[in-house]
Amino acid sequence: MSGSLTFDVRESKDLVFVTLCGRMTLGPHLRAFSDRLESLIASRAGLALLLDVHQISELDSAGLGELVILLTACDERHWRMCLIGPSERLLGILDSTRLLDLFPHFPDRQTAEEWLLGQS
C-alpha cells in the first residue's frame, strides 16, 4: 500500500470511479494519473468523478495540487467530484490548507452515490 501511486479507472454512463492506492506524491506515477484523468474529463461533460482515496498512504503538495486541479477541471466541464474514504490525515491536510469545504467527502461509495442522486 505504501508504494508508488497506482490507480484503477472504471467508467459507466454517468460516472467515473477511480480507486487510488499508494503515495500521491511528485513523480511519474502522479503525472500518469493526472494525464489520464484530465484527458477523460476534457473528453466528456456533465459526469461525476468519485475518487476512492482510502488507500492513499502519503500526500505531498504535488498530490494536493493535483486534487485541486482535478476539482477545477471538473467544475469547468460541469462534472461533480467527491472523495470516498479519506483518512483523518488527509482530512487534516485539507482542513489546514482551508480546502476541506471544497471537497465533498463520504465514508463509502454508497453514501457518495446517494449524494450524487440528490445533486441531479
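The values are calculated or read from the model by the stated rules, or taken from the named source; none is laboratory data. All values reported here derive from a predicted model rather than from experimental measurement. In this analysis, Cβ positions are derived from the backbone assuming ideal geometry, glycine residues included, and neighbour counts consider all displayed protein chains.
Here are the numbers for the structure shown:
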| read-out | value |
| --- | --- |
| Filtered residues of region 70-100 (kept if assigned to a helix (DSSP H, G or I), under 22 Å from residue 9 (Cα atoms) and in contact with a helix residue (DSSP H, G or I) (Cβ under 7 Å, 6 or more places away or on another chain)) | 70, 71, 73, 74 |
| For residue 107: the one exception among (1) surrounded by 12 or more Cβ atoms within 10 Å (Cβ to Cβ); (2) under 14 Å from the mean Cα position of the chain (by Cα); (3) not polar (S, T, N, Q) | (1) |
| Residue within region 83-102 that is touching a Lys or Arg at 6+ places or on another chain (Cβ under 9 Å), of a type in the set (Ser, Thr, Tyr) and closer than 26 Å to residue 119 by Cα present | no |
| Single match in 85, 63 (criterion: out of contact with any Pro (no Cβ under 8 Å at 6 or more places or on another chain), of a type in the set (Gly, Ala, Ser), under 20 Å from residue 7 (Cβ atoms) and surrounded by 18 or more Cβ atoms within 10 Å (Cβ to Cβ)) | 63 |
| Condition broken by residue 32, with the remaining ones in (1) within 23 Å of residue 115 (Cβ to Cβ); (2) assigned to a helix (DSSP H, G or I) satisfied | (1) |
| Unique match (being surrounded by fewer than 20 Cβ atoms within 10 Å (Cβ to Cβ), of a type in the set (Lys, Arg) and either closer than 26 Å to residue 3 by Cβ or modelled with pLDDT of 95 or more (or both)) among 98, 44 | 98 |
| Filter pass, residue 109 being in contact with a helix residue (DSSP H, G or I) (Cβ under 6 Å, 6 or more places away or on another chain), of a type in the set (D, E, K, R) and touching a residue at least 12 places away in the same chain (Cβ under 8 Å) | no |
| Residue tally, condition closer than 16 Å to residue 43 by Cα and charged (D, E, K, R), over region 1-31 | 4 |
